[in-house]
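The values are calculated or read from the model by the stated rules, or taken from the named source; none is laboratory data. Just so you know, these numbers come straight off a predicted model, no measurement behind them. All Cβ positions, even for glycine, are placed from backbone atoms using ideal geometry, and neighbour counts span all protein chains on display.
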Amino acid sequence: MKKTIQYILFFSLLLPLPAIGNTPMMNEVYAQLKVAIGDSNRDWPTLAIRPGANSVLSFNKRKNIIFVDEKALEVCQSFGAQEQDAFAFLLAHEMTHFYQEHDWQEAGFATSFLSNKHHFEVHVADEKEADLYGAFITHIAGFQSIKIVPNLFDKVYKAYGLQEQLRDYPSLQERKATALEICEKVKELIQVFETANYLNVLGEHISAAAAYEYVLQFVKYKELYNNIGGSLVAAAALQTNYGEKAFHYPIELDVDLPLRDGVEVETKDLLKKAIEYLIIASQMDNQHYATYVNLACAYTLDKDVQKAKELIQQLQSISSTPKQAAEIAIVEGIRLAQAGELNSAVAQFVSAKTLSQEAGIQALAEYNIGIAKGNISSTEVFITHSVGETINGIELTYQNDFPFKEVLLQDEFLYQEKNLGLYSIKNSLLTHLETEDKLVAILTTQDQSQRTQAGIGIGATYQQIQTVYPASGKTFNHSKGSFLLLPSHKLLFNLNNQNQVTAWGTYEIY
């Protein structure tokens with residue numbers, strides 16, 4: 001029976017395929033996954049529906065096609081509202097075989113989601129990588145695939161008539177165990193990635209870069225390279241350069257402006273590494289604004305006048321929003337100030353204020369105007385106090401002893417190993433970053449029942465936050481909205497594009 005299936009698969013790759021139009025759902029999911037990976041320079045495979053039930057999905061390298069069984073689409077449809085989540089996991093798995101250039105395809109023809117038992121066991125590392133990278137990318141693309149993995153394998157094996165114990169295929173138990181192991185790793189990577197974002201908000205840029213680099217060991221995509229590069233540029237911008245004006249740069253991370261003094265590291269070393277990562281990101285997408293504005297900041301900091309000018313010109317050709325135009329004006333203003341043209345620099349900063357009314361741009365431009373005019377001589381200082389915010393019964397001021405899952409981060413700039421502890425409870429995440437001289441604790445939640453002492457929680461608006469917390473705060477743009485940091489109350493808010501809270505948290509630095 002199973003040998004017959006193998007022969008059918010073999011001949012189906014040789015015979016002409018009946019034309020079957022792709023469904024809108026397929027095309028939509030595929031487009032979102034490609035955007036999440038961000039590598040627009042790849043010749044991505046086309047999608048094609050194949051009649052019957054042979055392999056769920058398979059990638060044919062010679063034809064550069066990902067074939068999708070009709071039966072596989074029926075399995076996905078059985079998930080109802082989670083149809084896209086199911087299809088995203090299956091599709092991302094085969095996209096990984098293409099993207100990571102796995103070269104063990106059976107008989108030189110194709111990889112298959114239903115690999116036979118021999119090839120699955122021999123190439124289990126590739127299969128795990130396909131599951132891991134695929135599951136992580138589905139999360140970045142906004143799908144909730146990892147929540148349905150066990151049920152998805154149950155339905156696939158049932159639909160394809162594969163029994164629990166198989167001679168030619170991995171057993172359902174074996175395949176589920178591998179996928180569940182990977183899903184646990186993906187959850188860890190998601191937690192490390194999200195912690196890195198919050199570390200950037202707090203000005204811990206080098207530690208954030210180390211956390212992003214930990215994730216980079218397992219998955220590689222454009223935004224990750226950009227975030228590492230941007231983190232290092234932000235760290236370089238914080239270094240003490242005596243006798244020079246301490247401008248703030250419009251660095252495009254998932255977070256934005258620096259808040260705290262940086263650790264003492266050679267600026268040249270930071271910029272060299274940052275530029276390496278940003279060039280990789282630019283090679284994946286030569287129209288990615290965030291990457292090029294980060295490169296412009298890096299070359300400006302490095303006082304490479306010619307490259308800074310070239311990047312600013314390139315940015316002007318690809319910018320599309322008032323905020324981007326304002327950021328370009330700020331970079332140009334800093335470049336002019338470095339050249340001693342302070343009046344022209346101030347004019348650029350003033351122009352930025354007129355181009356965009358966003359609070360972050362207004363604050364950034366106003367600060368740089370003060371620096372250029374000599375009215376500000378140091379970075380901003382925020383007075384903070386602990387208000388004892390509690391999430392799920394945890395209060396950071398007094399509680400810090402939990403059974404953390406430990407992740408070791410390598411800080412190649414300070415030559416330190418940093419221990420990142422992860423602890424999850426009720427849709428909340430507690431992280432401890434332990435370094436040689438400090439402990440940073442961050443507690444965030446997506447639990448609908450949790451509220452700050454002032455009554456702010458999931459779904460609250462930016463205006464409501466401003467009403468109950470009138471003290472000065474900082475906003476940081478990211479791809480799906482912005483972060484808001486309130487140092488006066490040690491509070492963090494993650495806002496979506498509709499300015500509504502999707503997650504919030506508190507922090508302590510010991």
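When only residues in the range 349-361 that are closer than 17 Å to Ile251 by Cβ and surrounded by fewer than 23 Cβ atoms within 10 Å (Cβ to Cβ) count, which is modelled with the highest pLDDT?
Here the residue is Ser356.
Checking Asn22, Asn41 one by one, the residue that is at pLDDT 50 or above and in contact with a strand residue (DSSP E or B) (Cβ under 8 Å, 6 or more places away or on another chain) is Asn22 and no other. Within the range 395-434, the set of residues being modelled with pLDDT of 90 or more and among the hydrophobic types (A, V, I, L, M, F, W, C) comprises Phe404, Val407, Leu408, Leu409, Leu420, Leu422, Leu429, Leu430, Leu433.
Against the numbered list (1) in contact (Cβ under 8 Å) with a residue 24 or more places away in the chain; (2) in a strand (DSSP E or B); (3) surrounded by 17 or more Cβ atoms within 10 Å (Cβ to Cβ), Leu484 comes up short only at (1). Residues that are under 30 Å from the mean Cα position of the chain (by Cα), part of a helix (DSSP H, G or I) and small (Gly, Ala, Ser) within the range 312-367 comprise Ser317, Ala325, Ala326, Ala329, Gly333, Ala352, Ala359, Gly360, Ala363, Ala365, listed in sequence order. Does at least one position in the range 47-70 carry a residue that is over 23 Å from Tyr99 (Cβ atoms), at pLDDT 90 or above and outside any strand (DSSP E or B)? Yes, the range 47-70 contains a residue that is over 23 Å from Tyr99 (Cβ atoms), at pLDDT 90 or above and outside any strand (DSSP E or B).
Quick grid of which residues meet (1) over 13 Å from Thr506 (Cβ atoms); (2) surrounded by 12 or more Cβ atoms within 10 Å (Cβ to Cβ); (3) outside the structural domain of Pro470 (by TED's automatic domain parsing):
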| position | (1), (2), (3) |
| --- | --- |
| Ile394 | no, yes, yes |
| Glu412 | yes, yes, no |
| His432 | yes, yes, no |
| Thr445 | no, yes, no |
| Ile456 | no, yes, no |
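Note down all Cβ pairs under 7 Å where the first residue falls in the range 144-158 and is assigned by TED's automatic domain parsing to the domain that holds Glu70, the second is hydroxyl-bearing (Ser, Thr, Tyr) and not in a helix (DSSP H, G or I), and they're at least six residues apart or on different chains. Pairs found: Lys155/Ser78. Given the condition outside the structural domain of Asn226 (by TED's automatic domain parsing) and in a strand (DSSP E or B), answer yes or no: does some residue in the range 29-46 qualify? There is at least one residue in the range 29-46 that is outside the structural domain of Asn226 (by TED's automatic domain parsing) and in a strand (DSSP E or B). Just a yes or no: is a residue in the range 461-470 among the hydroxyl-bearing types (Ser, Thr, Tyr) and over 27 Å from the mean Cα position of the chain (by Cα)? Yes; the residues of the range 461-470 include at least one that is among the hydroxyl-bearing types (Ser, Thr, Tyr) and over 27 Å from the mean Cα position of the chain (by Cα). If only residues of the range 26-56 that are among the small types (Gly, Ala, Ser) and within 13 Å of Ala92 (Cα to Cα) are counted, the one that is surrounded by the fewest Cβ atoms within 10 Å (Cβ to Cβ) is Ala31.
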